[in-house]
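Please treat every number below as a calculation from the coordinates, not as lab data. Since we're looking at a predicted model, the values are computed, not measured. Backbone-built Cβ (ideal geometry, glycine too); neighbour counts: all protein chains shown.
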Amino acid sequence: MKFDKEKYKVYTWKNGMILHWILNPGLAINELILGQRVPKISLEDKTIDKPRIERTFVPCPHCETLHDGRTWSTTNGTAFKNWFGLYCKNCGKIIPCLSNILSFLILLITFPVWGWFRDSLKEKWLEKQPKRYENIDIENIPNPFDKKNWILSGLIWGAFMFLIISIILPSFSGQIITLKSLFVGVISWTIGGLAFGYIMKLFNNKKTVTS
Ligand SMILES: [Zn+2]
C-alpha cells in the first residue's frame, strides 16, 4: 500500500515510540493480558492542525481504508481484547500488528499449550468483532492524556502494573511478597506510571510536525 508522503508521516517499527512498544518487556502485559495492540503501520496527517491523537490513521492493508486511530479507544470499548490484531470493520479482516519481544517469546515457548486451540480461539474472537464496532464514535473521544488527565491515566497504568508485577506474578511463581517489595513496587510504579502518562501526553498532543 502506497501513501502520500507529502501528506502523511508513516510510522513503522523504526520509529522510537513504536520501537519502545516492541522492546519494553512491561508492555507484554498490555499485549497478552489486555489485548492492547499497536498496528505495524500508522500514519500521521501532517496537514491537519490538531493534536496528534486526532490526526493519526491506521490503514487496512486488505481494503485500503484509512481508519481514524481513535476507532480503537477505551471510550468505544475497543482499546483492549484485540489479541489477534486490530479488526477492520470495513472488510472484516485483521490489520497486522506489532509484537512485543517478550510476548513473542512467551507465546513461542507456550505454543505447545495454546497452539492446538489457536484456530478455534481466533474464529470465536472474529465472530465477536462486528458487534463491537457497531457504534464507533470518533468525534467525542476525550483525550486520556490531555490537560491534567495524563496524571490519572499514568497512575491507573502504574497501579495496574504494580498489581501484576508486584503481586500477581510473584504469587504465581511462589516468591514471598514482603513489605519492602511492596514499598519498592509502589514507589517505582508511581514514578513509572507518571513517566508513562507524561510521555503519552507529549506524544498524543503533539501538533503538526515541521520536518
Ligand atoms: Zn479492511
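For the reader, a short list of remarks on this structure follows.
- Three principal axis extents describe the C-alpha atoms of the range 54-161; from largest down they are 46, 35, 21 Å.
- Proxy reagent accessibility, fewest Cβ within 10 Å first, across Lys128, Lys206: Lys128, Lys206
- Using θ = phi - 60° and Karplus 6.51 cos²θ - 1.76 cosθ + 1.60, couplings along the range 124-134 (whole Hz; Gly, Pro as x): 5, 5, 4, 4, 7, 5, x, 4, 5, 10, 5
- Remark: the range 30-112 carries a charge dipole of roughly 100 debye about the Cα centre, counting +1 on each Lys and Arg Cβ and -1 on each Asp and Glu Cβ.
- Volume in Å³ per residue [convex hull over Cα atoms, computed for the range 127-211]: 178
- Between the range 20-41 and the range 136-211, the alpha-carbon center distance in angstrom: 13
- Viscosity 0.890 mPa s, 25 °C: Kirkwood-radius Stokes-Einstein D of the chain over Cα pairs, µm²/s: 131
- Dipole magnitude of the chain, debye to nearest 20 (Cβ charges: Lys/Arg +1, Asp/Glu -1, about Cα centre): 240
- Its Cα centre serving as origin, the range 101-211 has a Cβ charge dipole (Lys and Arg +1, Asp and Glu -1) of approximately 260 debye.
- When the Cα gyration tensor is reduced to axis lengths a ≥ b ≥ c, the ratio a/c is 1.5 or higher for the range 57-111, and with a/b above b/c it is classed as prolate.
- Where only alpha carbons of the range 1-88 are counted, the Rg and the Dmax (Å): 13.2, 38
- Neighbour-count order for Arg132, Arg52, fewest beta carbons within 10 angstrom listed first: Arg132, Arg52
- Near Pro144, once Lys and Arg are set to +1 and Asp and Glu to -1 for all other residues with Cβ below 14 Å from its Cβ, the sum equals +3.
- Computed over the chain, relative contact order equals 22 percent, with contacts defined as Cα pairs under 8 Å that lie 6+ residues apart.
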